[in-house]
Amino acid sequence: MSDLPQRQTDIGPPHYSKFLHPVIAKNYGKWQYHEVLSPGTMVHVSETGDKIYTVRIASPRLLSTDTIREHCAIAEKHCGGYLRFTSRNNVEFFVDAESKVAPLVKDLEAKGFLLGGIGPRISNIVHTQGWVHCHSAATDASGLVKAIMDECSEYFTTKELPNKVRLAVACCVNMCGAVHCSDIALVGVHKTPPRIDDVNVKNACEVPSTIASCPTSAISPNPATKSVKIKLEKCMYCGNCYSVCPAMPIADAKNDGIAIVVGGKVNSLRSNPKFSKLVVPWIPNNPPRWPQVTDAIKVILKAYIAGAKKHERVGEWIERIGWEGFFKETGFEFKYQHIDDFTFARETYRMASTFKWS
Amino acid sequence: MEKEEVKKIIYALVEASTGKKKLKQSDILKKVSADHGIEKDEVKAALRDLVDAGTLIFTYFGGSFIEIPPK
Amino acid sequence: MSKKYDTPMLDELEKGAFPSFVTEIKRAAAHSDMSNDLLGHTETCYKERVTHWKHGGIVGVRGYGGGVIGRYSDMPDKFPGVAHFHTVRLNSPSGFYYKADALVELCDLWDKYGSGLTNIHGSTGDLVFLGTRTENLEPFFAETSSRGWDLGGSGSALRTPSCCLGKSRCEWANIDTMAITNDITQHYQDEMHRPAFPYKFKFKVAGCACDCIASIARADMSIIGTWKGNIRVNQAEVANYAKTMNIQAEIIDMCPTGCMKLDGKELRIDNANCNRCMHCIAKMTKALRPGTEQGATLLLGSKAPIVTGALMSWVIVPFIKMEPPYEEFYELIDKIWEWWDENGKNRERIGELIERLSFPRFLKEVGLEPSPAMVKEPRRDPFFFWAEEDIER
Ligand code: HEM
Ligand code: SF4
Ligand code: SF4
Ligand code: SF4
Ligand code: SF4
């Protein structure tokens, strides 16, 4: 490997100024307003009178180098080579004149790329790794995203909603995908604690680090087997111990599944950012298309579209009609699991007699 | 103190701890600094030499630790 | 080429309107044995409804403690191509802007040293290269770093900071999010590459309260642009909006502070009562703009629910000018990290530590003055402590 170039350390990323379209660089900080021209295109207008047109397409986030090269070829042909990715993993292309939009759109469509995601619609789903790449996963993420977006693709490409609906998928309770503040989010949940393979724990794992890995101190030494034991009532099925000790697998095909939480948001428009709240505690994994999950999401969307005022996000609509109203509108069953008994439980009990009949 | 001295102290500390308690970078900085009256920045520079040379390495077990590389 | 797997379940996920990750894996599989085995491996996960990955302890590049995540299949004999399938995180450029030639160069390198599969981007905001073997890590690092790219963070270290695109293409940005993010990333390279914290730490920078980067939910330090003074109003444009929009219903009635009213055709805002929620500005972008005295609110502490429940970041500095060289900001960050280092347990996030030791104590010890901006309401009980200097002896 002597032909390798000299490595460098602590240089950080390339400076973004190398990657800015000249019109974006020239009008940096001078933008005055923007208009959404279609679900996949918008224009930003500068104080200088310059305009930049953005065309947005969907991406599965998991991209092959071949597809990235296709994006790049289109950027080279139409946009001087400039492109970017959004924080929800869509791809954006830039052109500096309205006349250049149609040819760009034509090429993108010819390649089969899906335009959309701008405005009061469903944009791409923020998600994590799942079965494609993570050891703690209680479900797959990419497959769920694909199944849901196929069912909802009209809300990406054309139809409008009362406001944006932001979806997220996290494949285990570690929630890398930050689902706890989304309009609708799915979380993979394990229902059973890790299974301890005593012989392999003894041979392959460092017992002190395994014990230390547990956030709830549920793990203690088991002198009889020179292995460990788990205090069941303390375990919250996070899978941390399995990260440290592969002899404690947590995945369980029959008992792993998906919870749905709704009504969160991160922006401050009108009302403060909100956490998402539990509406369906568990749906079994049913790959490759998870029909019970997509059905539940459609029920939520339908109730939201029917009930929300223009500009209300899912959480704002629910707060107006009350959570009891939400369960009534969706017909979801309200179970013991819905009542909080964790850190912030007290704050969630109704300390008043003013509720609506459901 | 000479950097080479500090490096020996750090290595001895990590060696003595191996198999007992995993040390984080900040455990090492605090302990060597307190025991030998050396500025933390100096300890950090010595530790960085050891890691750059591969004499010690960072490991990850639900947190990042400094350890002697496996044989 | 290794053998072709039957993947009936994954094939099902190539149907439908939305782009398919399965198609992506298949494209890579056409020229990578690793990706080909990933197909077989993933199909097995789908059939059995469980994951087949194992976590890895010790992989990385020399001198660094982060940026690579070890990943191994638990079926290495059946799928040797994914026996090792490590993730490499690269620092992304601020704003996620790229030029085609630079991306294509990275693609060429990844085809040579890895699976040909990526995540753009990982949830951390990194450019994620998904799947390579241990012996390819050093060469890939030499090739990419010599071309100006560097690894991101993992483990008990700083993560690659990320931001909304801010002033580059958004009229609402109150701070230069991309300049700030790039500066933080460069300023703290050591903290990113050589893990020294009790646990992870993330910065995310949003130009306004729309928070397009979700900083309030997923950054230990959320930097959110805001302004002081008056919203700039263009009354001619207000009159234009009035032709197509019910301003009373859609704007004034939805203002959370009730601080707007129509005075004939003119829109009046009681700016002292505006809480800068951005609703009116976002809906009437031609007519309304943030005020001109701009800066940021700093919020601290968000994290996912593990272990003691989810937190969103809360206000610790109501207003700070975020202008180079950001001295006041860096001094505060260094103080916060020092306090975390002194007091934090392994795997304790800064937000959890503050909950454990108390927010007033945190403020006192890092030298921040209390303000009503930091709380929704004052406490409800008299169970507080006094300092020695508060007591008459
Ligand atoms: C013990 C706890 C945890 C372990 C062992 C763990 C492990 C991992 C691993 C192995 C990955 C890489 C997945 C891959 O690319 O193969 C990962 C990614 C990630 N983790 Fe964690 N994680 C833990 C906790 C958390 C928590 C609490 C959060 C956040 C709240 C988090 C956020 C993330 C994110 C955002 C990613 C990137 C996901 C993506 O790019 O799709 N992790 N984690
Ligand atoms: S959410 Fe859980 S399973 Fe998914 S990538 Fe993160 S740690 Fe892995
Ligand atoms: S799954 Fe999590 S809570 Fe349960 S024993 Fe393992 S580390 Fe502890
Ligand atoms: S967070 Fe605000 S400034 Fe940043 S892109 Fe979104 S709307 Fe614009
Ligand atoms: S920013 Fe929000 S609070 Fe302020 S005037 Fe507009 S709608 Fe009202």
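The values are calculated or read from the model by the stated rules, or taken from the named source; none is laboratory data. Nothing here was measured: the structure is a model prediction, and the numbers come from that model. Methodologically, a virtual Cβ is constructed for each residue, glycine included, from the backbone with ideal geometry; neighbour enumeration extends over all protein chains shown. SASA here: full protein model, heavy atoms, side chains in, ligands and nucleic acids out. Shrake-Rupley method; radii C 1.70, N 1.55, O 1.52, S 1.80 Å.
Structural remarks
- The mean sequence separation of alpha-carbon pairs under 8 Å and at least six residues apart, normalised by the residue count of chain A, gives a relative contact order of 12 percent.
- GNM result for chain A, Cα springs below 10 Å: residue of A:Lys159, A:Lys202, A:Lys146 fluctuating most strongly: A:Lys202
- Exposed-site-free run, longest, chain A (rule: GluC sites (Glu not before Pro); DSSP loop; at most 14 other C-beta within 10 Å): A:161-332
- 10 Å Cβ shell holding at most 15 others, DSSP loop, chymotrypsin sites (Phe, Trp or Tyr not before Pro): longest site-free stretch of chain C: C:1-382
- Where the protein assembly as shown is the region considered: accessible area per residue in Å², 1.4 Å probe: 41 Å²
- With 20 Å² as the minimum drop in accessible area between chain alone and full protein complex (1.4 Å probe), the qualifying residues in segment A:316-356 are A:Phe342, A:Thr343, A:Phe344, A:Glu347.
- Taking every alpha-carbon pair under 8 Å whose residues sit at least 6 apart, chain C reaches a relative contact order of 11 percent.
- Centroid-to-centroid separation of segment C:128-150 and segment C:43-66 [C-alpha atoms, Å]: 17 Å
- Both radii are taken from the alpha-carbon atoms of segment C:8-145; with Rh as the Kirkwood radius, Rg/Rh is 0.96.
- Loop-located trypsin sites (Lys or Arg not before Pro) in segment A:277-351 whose Cβ has at most 16 other Cβ within 10 Å (DSSP): A:Lys309, A:Lys310, A:Lys335, A:Arg350
- Label zone at B:Ala45 (point 7 Å along Cα-to-Cβ), backbone N below 11 Å, segment B:1-39: B:1-4, B:39
- Protein-protein interface of segment C:1-44, residues with accessible area decrease of at least 30 Å², isolated chain reference, 1.4 Å probe: C:Met9, C:Glu12, C:Leu13, C:Ala17, C:Phe18, C:Pro19, C:Phe21, C:Glu24, C:Arg27
- Cα centroid separation, segment C:240-263 to segment B:1-26 (Å): 66 Å
- Per-pair calculated FRET efficiency, R0 = 51 Å: A:Lys26 and A:Met351 via Cβ, rounded to 0.05: 0.35
- Of C:Cys280, C:Cys45, C:Cys164, the one that fluctuates the most in a GNM where chain C has Cα springs shorter than 10 Å: C:Cys45
- Occluded residues from segment A:65-82, i.e. those whose accessible area drops by 40 Å² or more once the chain is not alone (1.4 Å probe): A:Thr65, A:Asp66, A:Ile68, A:Arg69, A:Cys72
- Cut-off under 5 Å, modelled amide H: who pairs with C:Arg349 long-range: none
- Between A and B, accessible area buried - total, square angstrom, nearest 100, 1.4 angstrom probe: 300 Å²
- Springs join every pair of Cα atoms under 10 Å in this Gaussian network model of chain A, and among A:Val261, A:Val179, A:Val105 the largest mean-square fluctuation is at A:Val105.
- Those lysines that a straight Cα-Cα span of less than 25 Å connects to C:Lys47, excepting residues fewer than 8 apart in one chain: A:Lys146, A:Lys191, A:Lys254, C:Lys3, C:Lys4, C:Lys15, C:Lys26, C:Lys78
- Surface burial for A against C, with a 1.4 Å probe and both sides summed, reaches about 10500 Å² of accessible area.
- For segment C:63-213, the spread of Cα positions along each principal axis, largest first, Å: 54, 38, 28
- Alpha-carbon centroid distance for the pair segment A:125-175 / segment A:190-214, whole angstrom: 31 Å
- Tensor-based shape of chain A (alpha-carbon gyration tensor, a/c under 1.5 rounded, otherwise prolate or oblate): oblate
- Under 20 Å from the Cα of A:Lys302 - aspartates and glutamates, other chains or at least 8 residues apart: A:Asp150, A:Glu151, A:Glu154, A:Glu160, A:Asp183, A:Glu312, A:Glu316, A:Glu319, A:Glu324, A:Glu329, A:Glu333
- Loop GluC sites (Glu not before Pro), segment C:293-393 (other Cβ atoms within 10 Å of the site Cβ: 16 or fewer; DSSP): C:Glu392
- Rounded to the nearest 100, the interface formed by chains C and B buries 1600 square angstrom of accessible surface, both chains summed, with a 1.4 Å probe.
- Mean separation of Cα contacts under 8 Å (6+ apart) over length of chain B, as relative contact order %: 35 percent
- As a fraction of the 1.4 Å probe accessible area of the protein assembly as shown, surface on carbon and sulfur atoms comes out at 52 percent.
- Under DSSP loop assignment and at most 10 Cβ neighbours within 10 Å, longest chymotrypsin sites (Phe, Trp or Tyr not before Pro)-free interval of chain A: A:1-348
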